[in-house]
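Take a look at the structure set out below.
The values are calculated or read from the model by the stated rules, or taken from the named source; none is laboratory data. Because the structure is predicted, anything quoted here is derived from the model rather than measured. Cβ: placed from backbone, ideal geometry, glycine included. Neighbour counts: every protein chain shown.
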Amino acid sequence: MKIGFIGLGRMGSAMATNLLKAGHDVTVFNRSPKKQRPFLELGAHSANSVADACHGELVVTMLADDTAVADVAFSDEGIVNVLPKGAIHLSMSTISVALSKQLAAAHAQAAQQFVAAPVFGRPDAAAAAKLYIVAAGNPDAVNMCKPLLDVLGQRTFPIGTEPSSANLVKLSGNFLMAAVIEALGEAIALVGKAGIDPQVYVDLLTSSIFNVPVYKTYGGLIAEGRFEPALFAAPLGFKDIKLALAAAESLQVPMPLGGLLHDRFLRLLAGGGERFDWAAIGGLAARDAGERKRA
């Protein structure tokens, strides 16, 4: 398949690499051109602009936030204005429900297809093609994307015909993960201050009642106080909680725990935590308890 790929951060780089290894004809674009060079060695074509990446059957966006996605989609030489009729914009970024709806309407007016397919998984899962993907949009368009999604992830969950449904599910999932991180941080701070080895405690939990990846990954990071390098940066976690709360407000769904998480991220960032992984909100409880070495 002839594909454009826009966004070569940690996640996007791993995903574009897997598409190239699977034999797809990929044109890559990134705002920093030097990030494109390693992909040319794998057989990718280089795009000098967003428009140059939009001449195929499908263009993938994997970008950090609403602002970045809106910029590549709605600029004069952006996706909506240059993508051929009938071609697909496959948005795999974690964006707001509101922007997803705006994109769906704009692509429909331009006689293009829009599929939202955000992913669950950190960069190591992306590199191993082990992402979990939530896809929504016109069923025919989703089916056309399936060969790509099968390359990128271990399972795709079709969630409906409205693309924004996938974005809402993704935001709800990130809210749940942030809640787990906060709860782990509080529990680890509690036992740690009592003199119990946090790593032994996490091993106990994740070998018994919480034998699931999210507890193992984030429990280990919190117990060790290891929040750098950031594989999912704290500002992005804060962004996702704000987007989840905005969706909740529009649907009139109270999310009191979401408000708490908003303030925990705000506290982390106010204290200079921009460079940390979002797991660092789990270190705040130890700091609050006077154990500053783990925060």
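If the requirement is being outside the structural domain of Phe175 (by TED's automatic domain parsing) and over 30 Å from Met177 (Cα atoms), which of these qualifies: Phe114, Phe74?
Only one candidate passes the filter, namely Phe74.
Name the single residue, out of those in the stretch 1-28 being of a type in the set (Gly, Ala, Ser) and more than 15 Å from Met92 (Cα to Cα), that is surrounded by the most Cβ atoms within 10 Å (Cβ to Cβ).
Across the stretch 1-28, the extreme among qualifying residues is Ala22.
Go through the residues of the stretch 137-151 one by one and say whether even a single one is assigned by TED's automatic domain parsing to the domain that holds Ser91 and outside any helix (DSSP H, G or I).
Among the residues of the stretch 137-151, at least one is assigned by TED's automatic domain parsing to the domain that holds Ser91 and outside any helix (DSSP H, G or I), which makes the answer yes.
It is to be established whether one or more residues within the stretch 82-90 are within 20 Å of Lys170 (Cα to Cα), assigned by TED's automatic domain parsing to the domain that holds Ile6, in contact (Cβ under 8 Å) with a residue 12 or more places away in the chain and of a type in the set (A, V, I, L, M, F, W, C).
yes
Is it true that Ala129 is part of a loop (DSSP other than H, G, I, E, B) and buried (at least 17 other Cβ atoms within 10 Å of the Cβ)?
yes
Being touching a helix residue (DSSP H, G or I) at 6+ places or on another chain (Cβ under 8 Å) and modelled with pLDDT under 95 is the requirement here; does Arg294 meet it?
For Arg294, the condition - touching a helix residue (DSSP H, G or I) at 6+ places or on another chain (Cβ under 8 Å) and modelled with pLDDT under 95 - is met.
When residues of the stretch 86-116 are filtered for being closer than 18 Å to Lys242 by Cα and surrounded by 18 or more Cβ atoms within 10 Å (Cβ to Cβ), how many remain?
7
Using the structure shown, decide if Lys101 is at pLDDT 95 or above and either in contact with a strand residue (DSSP E or B) (Cβ under 7 Å, 6 or more places away or on another chain) or not in a helix (DSSP H, G or I) (or both).
Answer is no for this residue.
Any idea which residue in the stretch 182-228 is nearest to Ala279 (Cα to Cα), counting only those that are in a helix (DSSP H, G or I) and among the aromatic types (Phe, Trp, Tyr)?
Tyr218
Being within 13 Å of Leu284 (Cβ to Cβ) and within 22 Å of the chain's Cα centre (by Cα) is the filter; apply it to the stretch 186-227 and report the residue that is surrounded by the most Cβ atoms within 10 Å (Cβ to Cβ).
Ile222
If you scan the stretch 36-57, which residues turn out to be touching a helix residue (DSSP H, G or I) at 6+ places or on another chain (Cβ under 7 Å) and among the hydrophobic types (A, V, I, L, M, F, W, C)?
Phe39, Leu42, Ala44, Ala47, Val50, Ala51, Cys54
Take the residues in the stretch 104-115 that are touching a Leu at 6+ places or on another chain (Cβ under 7 Å) and assigned to a strand (DSSP E or B), then tell me which one is nearest to Ile133 (Cα to Cα).
The selected residue is Val115.
What's the total number of residues in the stretch 145-191 that are in contact (Cβ under 8 Å) with a residue 60 or more places away in the chain and among the aromatic types (Phe, Trp, Tyr)?
1
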